[in-house]
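Read-outs: derived from the displayed coordinates by stated rules, not from any lab. Model, not experiment: these values are computed from the prediction. As a convention, Cβ positions derive from the backbone with ideal geometry for all residues, glycine included, and neighbour counts pool all protein chains shown.
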Amino acid sequence: MSDNVAYALLVYTGLTIFVTVTAMKTEGMSILPYLALVVLVAGIIPACRRFERRWRDLSDAQAADEALAPAYRRDQVLLWAMAIGLPLVLTALFKVIFAAAA
């Protein structure tokens, strides 16, 4: 799970930088996108740590248990859905807010 968390954080941060921050850039708001980036990345870290902590303390025998496979797969899917979906949802939310303010 540690590898999944590390790669998911990279994907999340990349999407946040290139999608969300780009959508938020407007005239006169030069520092806000960067502050939002810091807040968004800092906010996702505790959630990712919860995924990693759940699987970190298993012994090799426990990790090989087929009964845990569905739970592991569920956590993988949820982690990746969050890493990819959250920046896209936030971008849509920011666009709606900025359109309403304009």
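Computed values, structure above
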| item | result |
| --- | --- |
| Using θ = phi - 60° and Karplus 6.51 cos²θ - 1.76 cosθ + 1.60, couplings along region 73-90 (whole Hz; Gly, Pro as x) | 5, 4, 5, 4, 5, 5, 4, 6, 5, 5, 5, 8, x, 4, x, 5, 5, 5 |
| Column: log10 I(q)/I(0), Debye, Cα scatterers of the chain, q = 0.10, 0.11, 0.18, 0.23 Å⁻¹ | -0.36, -0.42, -0.84, -1.16 |
| Over the chain: helical MRE at 222 nm, DSSP H runs n ≥ 4 each giving -39500 (n - 2.57), nearest 500 | -25500 deg cm²/dmol |
| Cβ-defined net charge surrounding Pro46, 12 Å radius [Lys, Arg +1; Asp, Glu -1] | +2 |
| Contour excess over end-to-end distance, with Cα ends at Ala92 and Gln62 and 0.36 nm allotted per residue | 6.7 nm |
| For the chain, built as a Gaussian network whose Cα springs stay under 10 Å, the top-fluctuating residue of Ala63, Ala36, Ala23 | Ala63 |
